[in-house]
Amino acid sequence: MALTKEAFKARVYEWAQKLDIEVKTISIRPMKNKWASYTKKSQLLIFNTELLTMSKKIGDYVIVHELLHFNVPNHGKLWKSLMLAYLGDYEKIEKKIKMRCGRE
Ligand SMILES: [Zn+2]
């Protein structure tokens with residue numbers, strides 16, 4: 001069953017709190033070839049509507065992926081070790097959904 005936008009947003013805020021990241025606006029809307037994107041300046045996060053119908057694991061992956069970019073603007077060593085710390089074996093999910101984000 002699909003999540004509501006509100007439920008998804010609540011999860012984003014939960015993660016943001018956990019990661020100590022300030023998010024002002026979350027928008028969920030159809031996106032053509034990305035799962036999510038963010039604008040640091042306005043603390044805006046956009047998520048693809050499709051994520052509402054996907055598993056919690058995938059949702060969490062995309063949420064944490066984007067949130068970490070607030071502090072780490074690339075997919076380097078630091079970003080990878082943070083992903084591992086928060087999500088465990090995230091690379092499996094990464095392969096599955098072929099994440100594309102605003103920072104690639
Ligand atoms: Zn990324």
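Laboratory data are not the source of any read-out in this text; all were calculated from the coordinates shown. Keep in mind that this is a model prediction, so the values were computed, not measured. Glycine also receives a Cβ, built like all others from the backbone with ideal geometry; neighbour counts cover every protein chain displayed.
On a 22 Å Cα-Cα criterion, which of the cross-link pairs 41/92; 5/80; 18/95; 32/96; 18/57; 24/77 come out too long? Walk me through the numbers before you get to the answer.
Values: 41/92 31 Å; 5/80 28 Å; 18/95 25 Å; 32/96 18 Å; 18/57 16 Å; 24/77 27 Å.
Beyond 22 Å: 41/92; 5/80; 18/95; 24/77.
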Taking the Cα centre as origin and putting +1 on Lys and Arg beta-carbons and -1 on Asp and Glu beta-carbons, what dipole magnitude results for the chain, to the nearest 20 debye? 320 debye
Could you bin all the Cα-Cα distances of the chain into 5 Å bins starting at 0 and give me the percent of pairs in each, rounded to whole numbers? 2, 13, 27, 28, 22, 8, 1, 0
